[in-house]
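**Student:** Take a look at this one; I'll ask things after.
The values are calculated or read from the model by the stated rules, or taken from the named source; none is laboratory data. Since the model is a prediction, treat every value here as computed from it, not as a measurement. All Cβ positions, even for glycine, are placed from backbone atoms using ideal geometry, and neighbour counts span all protein chains on display. Quick note on the areas: whole protein, heavy atoms, side chains included, nothing else; ligands and nucleic acids left out. Shrake-Rupley method; radii C 1.70, N 1.55, O 1.52, S 1.80 Å.
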Amino acid sequence: MSQMDEMSDVIEALKLTDATLRTNLDRVSQLSPFFENTLIALTSHMSLESIRDLVLQFTSGLNDAELTLAYGTFLGTAPGDLTGRLLALRNREMLRIIYRDLSRFADLEETTRELSCLASFCINSALDDCYTQTCRRYGVPRGPDGEPEKMVVLAMGKLGAFELNLSSDVDLIFFYANQGEVAGSEAASDTARVITHQEFFLKVARQTIAILDNAEKIGSVFRVDMRLRPYGDSGPLVLHRAAMEKYYVEQGRDWERYAFIKARAIAGDIGAGEDFLTWLSPFIYRRHLDYGAVQSLREMKGLINKQVELKDLNDDLKLGPGGIREVEFVAQMHQLIWGGQHS
């Protein structure tokens, strides 16, 4: 049986007595091959009634807490390892979000917010699992007050601004608050070795990324981009806060100011993340009218223009003249000029 025949059978079975559903499924399937393939794949382990309920549910957008509860309920009942369960959640939700978007049941803001909420939930789930497993092996890292210490995950770019789209990767920065050593515990399986907080959180960071971005084996839940961290690809995957502060005070560059306009703490120790972003705010926004930001943006735009010319990208939706990046630069210019006076 061809895929087209399979899709026709699925739509026929799903429509039941709902003619509008059939029309929308036909239309969305033609617009999105991903939707069509995912819908066919889901019929192998979900009942048609469940799929029908899925694409029709949430006739108005849920808030973040309600979405997170719905995600957690599904994740807790899905079989398999964590990566497989997160992939199942992602595909299930992508199906619903695409259907609502292309059927015009959701506006752009709702669509990007729900995609961002989904990504944040998946990152939180992966981080919590890796942190628990690493604590079980080495013991619990603790701050000066004796309280357990967790890593902070900052979301940058589209995820940080609740602007994630269907093909976006997630730009992340990891850090932790305090240096120290993990003393181990009687319950730890590797008590013979004392490791530093840096070693501990580096293990957590690597494992978290592996769960989220495992394209070679079973596919990526979300592609992870860590290049916005201090020192980029040449820098440590995770830093402690003092090292983060030293970097931005001594070496922070203008493009990093633009990037942090959208930064948001999304996982781990949210309070520590928000405290760091408050501390960093004077680096992002100057109290005086920051017309120097205009020149910096102009120089960056000049570099992009050269790449557009070299690669013949004049018709590129993102980088070409009048494209997404130019719109973003105009907005960022005003944010950096006025942000210090008008938060």
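**Student:** Within the range 181-193, is there a residue that is over 29 Å from Thr77 (Cα atoms), in contact with a Lys or Arg (Cβ under 6 Å, 6 or more places away or on another chain) and not in a loop (DSSP other than H, G, I, E, B)?
**Tutor:** No: zero hits.
**Student:** I would also like to ask the following. Determine which single condition Val153 fails, assuming it passes every other condition in (1) assigned to a helix (DSSP H, G or I); (2) in contact (Cβ under 8 Å) with a residue 40 or more places away in the chain.
**Tutor:** Condition (1) is where Val153 drops out.
**Student:** If you don't mind, another one. I want to confirm something. Restricting to the range 111-142 and keeping residues that are touching a residue at least 24 places away in the same chain (Cβ under 8 Å), of a type in the set (S, T, N, Q) and more than 16 Å from Ser167 (Cα to Cα), which single residue is least open to solvent (accessible area, probe 1.4 Å)?
**Tutor:** Top of the filtered list is Thr134.
**Student:** State the number of residues belonging to the range 218-254 that are assigned to a loop (DSSP other than H, G, I, E, B), open to solvent by 40 Å² or more (accessible area, probe 1.4 Å) and free of Cβ contacts under 8 Å to residues at least 40 places away in the same chain.
**Tutor:** Summing the residues that are assigned to a loop (DSSP other than H, G, I, E, B), open to solvent by 40 Å² or more (accessible area, probe 1.4 Å) and free of Cβ contacts under 8 Å to residues at least 40 places away in the same chain in the range 218-254 gives 4.
**Student:** Hey, among Asp64, Asp81, which residue is of a type in the set (D, E, K, R), open to solvent by 70 Å² or more (accessible area, probe 1.4 Å) and either under 20 Å from Cys122 (Cα atoms) or at pLDDT 80 or above (or both)?
**Tutor:** One residue alone meets the criteria, Asp81.
**Student:** Here's another thing I want to ask about it. Which of (1) in contact with a strand residue (DSSP E or B) (Cβ under 7 Å, 6 or more places away or on another chain); (2) open to solvent by 50 Å² or more (accessible area, probe 1.4 Å) does Leu108 not meet, given it meets every other one?
**Tutor:** All conditions pass for Leu108, except number (1).
**Student:** Do we have Gly292 as open to solvent by less than 20 Å² (accessible area, probe 1.4 Å) and either without any contact (Cβ under 8 Å) to a residue 60 or more places away in the chain or out of contact with any Gly (no Cβ under 7 Å at 6 or more places or on another chain) (or both) here?
**Tutor:** When the stated conditions are applied, Gly292 does not pass them.
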